[in-house]
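Below you'll find the structure, written out as structure tokens, and then a few comments.
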């Protein structure tokens, strides 16, 4: 009887732990509107930046051709060190004036702790914007429309229920 009770308690603990782990992440739909710049399609990388300004994780990469990733000077230095597998977080690049809608997951434990979402943009034979958009990872700021400084006109995130 004691052995059965221990198994039941262990099973309950594992179940509750798995529920809390799932509750710590949330999906966000990201709508990105590009400006009407002149040039080829833009590559955009979305990164999680910690409270000290260091890269923590790549959330999404718009552009699938790896040969152009070195155009993101700041991100590429970090990517070379971490060697993240990007195959699950990549999608099409974005043309001038176009709109892109993607979804990515954010760890909710990072909210309101000084983290940021950084959108970097690069266009072949054109200027690179290391911080085209930067959004503080706060419950209030993360869902507000944020204007870009380069190729991005604005970014708007919505939490997916």
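No lab work stands behind these numbers, since they all come straight from the coordinates. As the structure is a prediction and not an experimental result, all values here were calculated from the model. Every residue, glycine among them, receives a Cβ derived from its backbone with ideal geometry; neighbour counts consider all protein chains shown.
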Linear extension gain, residue 73 paired with residue 127, 0.36 nm per residue minus alpha-carbon span: 18.3 nm
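State, as an integer percentage, the relative contact order of the stretch 25-159 based on alpha-carbon contacts under 8 Å between residues 6 or more apart. Numbers along the way, then the final one.
On the way: 307 pairs, mean separation 49.4, N = 135.
Result for the stretch 25-159 is 37 percent.
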Counting other beta carbons within 10 Å of each residue's own, what order do 52, 113, 149 fall into, fewest first? 52, 113, 149
Put in order of increasing Cβ neighbours within 10 Å, starting from the fewest, 159, 57 give 159, 57
Put in order of increasing Cβ neighbours within 10 Å, starting from the fewest, 75, 68 give 68, 75
